[in-house]
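The values are calculated or read from the model by the stated rules, or taken from the named source; none is laboratory data. All of these numbers come straight from a predicted model, not from anything done at the bench. Note that we place each Cβ from the backbone using ideal geometry, even for glycine, and neighbour counts take in every protein chain shown. These area figures cover heavy atoms from the full protein model, side chains too; ligands, DNA and RNA do not enter into them. Shrake-Rupley method; radii C 1.70, N 1.55, O 1.52, S 1.80 Å.
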Amino acid sequence: MAKARGAVVVENEVCKGCNLCVVACPQDVLSLHKEVNSKGYHYSHMSNPEACTGCTNCAAVCPDSCITVYRLKSTVVA
Amino acid sequence: MTAIRVEDIIKPENLVYKKSSVLTDVPMHYCYGCSHGVVHKIIAEVIEEMGIQGEVVGIAPVGCSVMAYYYLDIDWMQAAHGRAPAVATGYKRVNPKKYVFAYQGDGDLAAIGTAETMHAVNRGENIVMIFINNAIYGMTGGQMAPTTMVGQVTSTSPYGRDIDLNGYPLKITELIAQLPGAAYVTRQSVHTPGNVRKTKKAIRKAFENSAKNIGTSFIEVVSTCNSGWKIDPVASNKWMEENMFPFYPLGDLKDSTRDDANTYMVQKLKK
Ligand SMILES: Cc1ncc(C[n+]2csc(CCOP(=O)(O)OP(=O)(O)O)c2C)c(N)n1
Ligand code: SF4
Ligand code: SF4
């Protein structure tokens, strides 16, 4: 079955590593990076990018509005 | 089938969500995971979608959100502690075409500002009131608020809120719903994507109401203050679900019109 493919971009320097997007993602795409940003926060990133459907759930719950979401038009998927 | 690379997806034509243009680029000072940021974002998105950026005025409170004016690129005023509804009243009466909203925490709205809150709604001011109920005074270091739960440990209730000593948690939203001036009263939360979407609908409806001149629209957002509660943001959401939602249930409390309000007092004085 054709599954939507998406991807997110997290603005690393704005992310505070609250983990709310990680638990909001229904596909387990995100986790906190082992690296930290300049403020010392473990920022969120796509550790399982193939699973992203571009549903925007992560961005909806982000308090710091640091997530941008992209989704491929479904017709593209083989 | 050729593999799709992430770079192929991250292209302008595939964009489905980006930060609202009504939010500034100033990084928010809020603690990680704080509900204030989520509610700011929702308000910004509603303002952007309604195309009213130049017509809206926010009244910032005293509390953690005192500096809300740094984050939403709209006109703001900042009121003394608890007085946002009074300032909103003045602004709206002089500029009736503007969309005016007061944004307040529970210490601000339900403690020091109780009189302003009740009377602004009782007058049916055509304003939007957004009430962040995180059951604690966040800014000043996690003291007990009127909305603090029974048994909840805060810096001023170190053994937990005690009814005999501290009284009961205040359901101010239920009180507000009794007032004839209240057109729309609802209680929402922002801890899941679904709840964020519901809160957005509620805030949009509230802003639309203020253009219809039907009275006050009041939105409580049951929220978390992970620093004050001393639990991490994810666990705070769980604590809120388990402990606050049974006492502060989500949903609409009132959805009425000015006509409903006018039937509230029909008694004519005898000549
Ligand atoms: C007249 C006055 N009294 C007391 C204070 C101290 N004070 C600042 S913020 C605050 C309470 C804030 O709590 P809340 O409204 O719940 O907002 P939060 O910080 O939790 O978002 C208090 C008591 C003040 N600034 N002014
Ligand atoms: S867009 Fe949806 S699937 Fe993709 S990371 Fe965000 S929550 Fe997960
Ligand atoms: S103290 Fe509480 S309300 Fe204030 S910014 Fe931190 S988490 Fe938010």
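Here's how it looks for B:ASP252: its modeled amide H is under 5 Å from those of B:ARG187, which are all 5 or more places away or on a different chain. The mean sequence separation of alpha-carbon pairs under 8 Å and at least six residues apart, normalised by the residue count of the stretch B:1-139, gives a relative contact order of 21 percent. In the protein assembly as shown, taking the dipole from charged Cβ atoms about the Cα centre, the farthest positive-side position among B:VAL38, A:GLY6, B:GLY181 is held by B:GLY181.
Rounded to the nearest 20, the size of the Cβ-charge dipole of the protein assembly as shown about its Cα centre is 900 debye, with Lys and Arg at +1 and Asp and Glu at -1. Separation of the stretch A:12-78 from the stretch B:143-205 is 30 Å, based on Cα centroids. Per residue of peptide B:188-197, the mean number of Cβ atoms on other chains within 10 Å of the residue Cβ is 4. On the protein heavy atoms, probe 1.4 angstrom, tell me the percent of accessible surface of the stretch A:5-72 carried by carbon and sulfur. Of the solvent-accessible surface of the stretch A:5-72, carbon and sulfur hold 48 percent.
Per residue of chain B, the DSSP helices (runs of n ≥ 4 H) give a summed -39500 (n - 2.57) that works out to -9000 deg cm²/dmol at 222 nm. For A:ARG5, the residues whose modelled amide H falls within less than 5 Å of its own, excluding neighbours fewer than 5 places apart on the same chain, are A:LEU72. For the set B:ASP75, A:ASP64, B:ASP8, solvent exposure ranked by accessible area (probe 1.4 Å, protein chains only) runs largest to smallest as B:ASP75, B:ASP8, A:ASP64.
Surface burial for A against B, with a 1.4 Å probe and both sides summed, reaches about 2700 Å² of accessible area.
Dipole of chain B computed with +1 at Lys/Arg Cβ and -1 at Asp/Glu Cβ about the Cα centre; of B:ILE59, B:THR224, B:THR140, farthest Cα towards the positive end is B:ILE59.
Within the assembled protein chains, the solvent-accessible surface assigned to B:VAL153 is about 90 Å², based on a 1.4 Å probe.
Rounded to the nearest 20, the size of the Cβ-charge dipole of the stretch B:1-108 about its Cα centre is 320 debye, with Lys and Arg at +1 and Asp and Glu at -1.
The Rg/Rh ratio of chain A, with both radii computed over alpha carbons and Rh defined as the Kirkwood radius, is 1.00. Placing +1 on the Cβ of every Lys and Arg and -1 on the Cβ of every Asp and Glu, with no other charges, gives chain B a dipole of roughly 820 debye about its Cα centre. Against the compact-protein benchmark of 2.2 N^0.38 Å, the Cα-based radius of gyration of the stretch B:164-224 scales to 1.30. Here's how it looks for B:MET129: its modeled amide H is under 5 Å from those of B:ALA102, B:SER217, B:PHE218, B:ILE219, which are all 5 or more places away or on a different chain.
Please quote Rg/Rh for the protein assembly as shown to two decimal places, taking the Kirkwood radius as Rh and restricting both calculations to Cα atoms. Ratio of gyration radius to Kirkwood radius: 1.01.
Within the stretch B:1-146, all pairs of alpha-carbon atoms sorted by distance into 5 Å bins from zero give the percentages 2, 9, 18, 19, 17, 13, 7, 4, 4, 3, 2, 1, 1, 0.
Across every pair of non-identical alpha carbons in chain B, the mean reciprocal distance, once inverted, gives a Kirkwood radius of 19.4 Å.
Do the alpha carbons of any pairs in B:LYS200/B:LYS254; B:LYS19/B:LYS254; A:LYS34/B:LYS201; A:LYS73/B:LYS201; A:LYS39/B:LYS18 sit beyond 28 Å of each other, and which pairs? Violating the 28 Å limit, Cα to Cα: B:LYS19/B:LYS254; A:LYS34/B:LYS201.
Take each residue in B:101-113, count the other chain C-beta atoms within 10 Å of its C-beta, and the mean is 0. Here the extension length gained between B:LYS270 and B:SER155 equals 35.9 nm, from 0.36 nm per residue of separation less the Cα-Cα distance. The mean number of partner chain beta-carbon atoms within 10 angstrom of a residue's beta-carbon across peptide B:17-26 is 4. Here the Karplus relation 6.51 cos²θ - 1.76 cosθ + 1.60, evaluated at θ = phi - 60°, turns the backbone of the stretch B:105-112 into coupling constants of x, 6, x, 6, 7, 10, 10, 5 Hz, with x for every Gly and Pro.
Phi angles across the stretch B:205-213 convert, under the Karplus curve 6.51 cos²θ - 1.76 cosθ + 1.60 with θ = phi - 60°, into 3J(HN,Hα) values of 4, 4, 5, 5, 4, 5, 7, 9, 6 Hz, Gly and Pro given as x. Probing with 1.4 Å while keeping every protein chain in the model, the per residue accessible area of the stretch A:5-72 equals 40 Å². Phi angles across the stretch A:54-68 convert, under the Karplus curve 6.51 cos²θ - 1.76 cosθ + 1.60 with θ = phi - 60°, into 3J(HN,Hα) values of x, 6, 6, 4, 4, 5, 4, 8, 6, x, 9, 6, 9, 10, 10 Hz, Gly and Pro given as x. The alpha-carbon atoms of the stretch B:145-271, seen along their principal axes, cover 58, 38, 19 angstrom, with the largest extent given first.
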